[in-house]
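Have a look at the structure below, then the notes.
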Amino acid sequence: MPSSKSQQQLPKSQFKHFFKPLSTTFRHMGFAFMSLITIATVSGCSSLGVQGQSPFNVQNYMGTWYEIARLDHSFERGLTHVTAEYALMDSGEVSVLNRGFNPETGEFQEANGKAYLNKADHVGSLRVSFFWPFYGDYKVVDTDYTQYAIVSGNDLDYLWLLAREPEVSDEVIATFEDKASTLGYNINELIYVEQTPRGATP
């Protein structure tokens, strides 16, 4: 996988003019899960210094993940039954497909993107883009590949618990909250996402 990629930075003086139309565009698209991380990076937010899991096996991470919990933000607000699907491409990059159900419209919304490993192959630190040429941090802080993954962005506003099944055990929840609290996240602000058992529909 490529270890670096050119990245355009938007001047801070222009960011406020960029953010409003971009937000409106994504709202019209309906769903831009993880685009918020890109915006946070462009705006110059400071890094937490959170490290991706090491060792990390990107092949084992591929497949479908269910969003169990997240911190609230505008791009996913109100969405339920959120999933993320990752697939390794011949180029070495990762294709990303995120889906979420909007109860107001009664329809699923999708966003397509791509990612690449930001560091060595054995570290869970990726760069994700849903809006070329802007890329943002996607850090797999902790995962066992078969049950859960804890994913962070570049500051304390962005955190997710993903799982291979629509429901997880209390033990997984406890591990997630303990890890999040240790990293400095306010676990009282977490939203636990409505999911439907596998095979059912919302």
Checklist line | Range of Cα positions in the range 46-92 per principal axis (Å), largest first | finding: 34, 28, 19
Notebook entry, point to check: Hey, can you rank 81-88, 94-101, 140-147 by average C-beta count inside 10 Å, highest first?
Noted result: 94-101, 81-88, 140-147
Next item on the list: Using only the Cα atoms of the range 115-202, each taken as one equal point scatterer with no solvent, compute I(q) by the Debye sum, divide by I(0), and report log10 of the ratio at q = 0.13, 0.23, 0.25, 0.26 Å⁻¹.
Entry: -0.51, -1.22, -1.29, -1.32
Check: What residue among PHE75, VAL140, GLY92 has its Cα farthest toward the positive end of the dipole of the range 67-202, where the charges are +1 on Lys, Arg and -1 on Asp, Glu, each on the Cβ?
Finding: GLY92
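Where a number appears in this text, it was derived from the coordinates with a stated rule and is not lab data. The structure displayed is predicted, hence computed values, not measured ones. Note that we place each Cβ from the backbone using ideal geometry, even for glycine, and neighbour counts take in every protein chain shown.
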